[in-house]
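Enquirer: The structure is given below, and queries will be raised subsequently.
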Amino acid sequence: MTVEETLRQLVAIDSVSARSNAEIVSYLGARCEAAGFTNKHFPHTDETGAEKINLVALAGAKYSETPAIELALVGHTDTVPYDPAWTEALQLTEKGGKLFGRGACDTKAFIAAALTAIESIDPAKLRKPLALVFTADEEIGCLGAKRLDQGQPFTARYAIVGEPTSLQPMRAGKGYCVAEFALRGREAHSAYPGLGASAIFRAARLIERIEQIAQELKSYRRNGFDPPYTTLNVGLINGGSAKNIIAGKCRFTLEWRTIPGQESDYVLNLVKQAVKDLQQQDLDFVCEIDASRADESFETSSGSELIQFLEDASGKGSGTVAFGTEAPSMIALGAEAVVFGPGDIRVAHRTGEFVPLDQLSDCVRVVRQAIERFCL
């Protein structure tokens, strides 16, 4: 089967994160089994009751209690939602050398390339173990990969984590963290502000301090990133109940993306100190913090054999990414991890998402050569 037809079949499976990924895992498992791989499923039920499955397909070794994998090809099975008005979201469409469809770029193209590559080799000739690792719920927090990290069902020496990088190997990435802040005030008629205390004003004072922290963090730089410092963003805010009522509650969400070498809780600790400072000025200042996500940054040495191979095979020097990936989880499983794949992250997650056909085909070549280099 061609890589394009494989991608067509993958895109046709609706695997948005809100749904069970059992259907796409069944398809992937059948393809891997037909190619001579042994499948192991790691199922769980998410908080909505949907079945989610991580699948590890292994060749070149028997599935022991904790197999030592030489090369892991990693792809997440889920996609972000799509606009119902995009009627061809699940129908791969070619136009101008581009293949359009939900997940075509992020990241079913890499999965299609990996499947096509393994079907061109004889697994009986593998000298070292090769695995395809298909994860659940990457788009909502890399949850499937984190489960593998926690369970340690295998170790890996090298891992290629599929993401749209325009076939440029990415050896480092920023962390991704999220916290929600809930500020309390005291409601009163807005004509008599002295009887109340505005939670929105309190949130504004804290956000102003957060903006100062963001400016200060620009002095801690890591060249190679764009931008080369930890970034902060208050992306959501909600408060108050009516225009003539002093707000009793205000909530906002803060995200930050840490550069390598900076702990994931570094920013959170700075913000907590800002809260303490504000509490000294306002004894009734109440702020509850729910830090719901703290994904570490990652960095693989430029001297890594995998990095050097991918630079040579792709003809591109290694770079960095500012978005979250499953690379830290693979590193926790022992791997030197690189993020790599066809497509551009800037066209992912939008109506009209696409992958260039030439990049898709070239990815098959690079992945096949990686298998030959590290496992054959």
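The values are calculated or read from the model by the stated rules, or taken from the named source; none is laboratory data. Because the structure is predicted, anything quoted here is derived from the model rather than measured. Note that we place each Cβ from the backbone using ideal geometry, even for glycine, and neighbour counts take in every protein chain shown. All accessible areas refer to the heavy atoms of the entire protein, side chains included, with ligands and DNA or RNA removed. Shrake-Rupley method; radii C 1.70, N 1.55, O 1.52, S 1.80 Å.
Enquirer: If one puts a single equal scatterer on every Cα of the stretch 227-306 and applies the Debye formula without solvent, what log₁₀ I(q)/I(0) results at q = 0.16, 0.19, 0.21, 0.23 Å⁻¹?
Expert: Computed log10 I(q)/I(0) values: -0.79, -0.99, -1.11, -1.21.
Enquirer: Run the simple label-point estimate for Lys276 and His41 please: 7 Å along Cα→C-beta, distance reported in nm.
Expert: Using points 7 Å along Cα→Cβ, the separation is 5.0 nm.
Enquirer: Separate question: Given a Förster distance of 51 Å, report the FRET efficiency between Ala85 and Glu305 from their Cβ-Cβ distance, rounded to the nearest 0.05.
Expert: Details: r = 47 Å, r/R0 = 0.92.
The calculated FRET efficiency here is 0.65.
Enquirer: I need the peptides 110-122, 3-15, 299-311 ranked by packing, meaning the mean over residues of other C-beta atoms within 10 angstrom, with the highest value on top.
Expert: On the way: 110-122: 23.2, 3-15: 19.9, 299-311: 17.3.
With the highest mean Cβ count within 10 Å placed first, the list reads 110-122, 3-15, 299-311.
Enquirer: Still on this structure, please answer the following. Tell me, what is the FRET efficiency for Ala322 and Thr2 to the nearest 0.05, using R0 = 25 angstrom and their Cβ-Cβ distance as r?
Expert: On the way: r = 33 Å, r/R0 = 1.33.
Efficiency computed from Cβ-Cβ geometry: 0.15.
Enquirer: Something else about it: Let me check I have the definition right: for the stretch 139-284, take the eigenvalues of the Cα gyration tensor, multiply each by 5, take square roots. What are those semi-axes in whole Å, largest first? Walk me through the numbers before you get to the answer.
Expert: On the way: eigenvalues 303, 63, 38 Å².
Those come to 39, 18, 14 Å.
Enquirer: Please compute P(r) over all alpha-carbon pairs of the stretch 97-210, binned at 10 Å starting from zero, and give each bin as a whole-number percent.
Expert: In whole percents, the pair-distance histogram is 9, 25, 23, 14, 12, 10, 4, 2, 0.
Enquirer: Taking the alpha-carbon distance from Lys128 and a cut-off under 12 Å, which aspartates and glutamates remain once sequence neighbours fewer than 8 residues away in the same chain are dropped?
Expert: Within the straight-line limit of under 12 Å, Lys128 reaches these aspartates and glutamates: Glu70, Glu372.
Enquirer: If I take R0 = 25 Å and measure r between the Cβ atoms of Val234 and Arg186 in this structure, what FRET efficiency does the formula 1/(1 + (r/R0)^6) give, to the nearest 0.05?
Expert: On the way: r = 23 Å, r/R0 = 0.93.
Rounded to the nearest 0.05, the efficiency is 0.60.
Enquirer: Could you give the length gained by full extension between Ala30 and Asp226, i.e. 0.36 nm per residue of separation minus their alpha carbon distance, to one decimal place? Don't jump to the answer; show the numbers that get you there.
Expert: Working: separation 196, 0.36 × 196 = 70.56 nm, distance 4.04 nm.
Fully extending the segment from Ala30 to Asp226 adds 66.5 nm.
Enquirer: Carbon and sulfur together cover what percent of the accessible area of the chain at a 1.4 Å probe radius?
Expert: Details: 8000 of 16610 Å².
C and S atoms contribute 48 percent here.
Enquirer: Pop a pseudo-label 7 angstrom from the Cα along the beta-carbon direction at both Lys128 and Gln215 and give the gap in nm to one decimal.
Expert: Simple spin-label model gives 5.1 nm for this pair.
Enquirer: Additional query: Within the stretch 100-116, which residues have the backbone N less than 18 Å from the label spot 7 Å out from Ala12 along Cα→beta-carbon, could you tell me?
Expert: 100-105, 108-109, 111-113, 115-116
Enquirer: Take the chain, compute every pairwise Cα distance, and split them into 10 Å bins from 0; I just need the percent in each bin.
Expert: Calculated over all Cα pairs of the chain, the distribution is 5, 22, 29, 22, 13, 7, 3, 0, 0 percent.
Enquirer: Give, in nm to one decimal, the length gained when the segment between Leu376 and Leu195 is fully stretched (0.36 nm per residue of separation minus the Cα-Cα distance). Don't skip to the end; give the middle numbers.
Expert: On the way: separation 181, 0.36 × 181 = 65.16 nm, distance 7.60 nm.
Stretched out fully, the Leu376 to Leu195 stretch lengthens by 57.6 nm.
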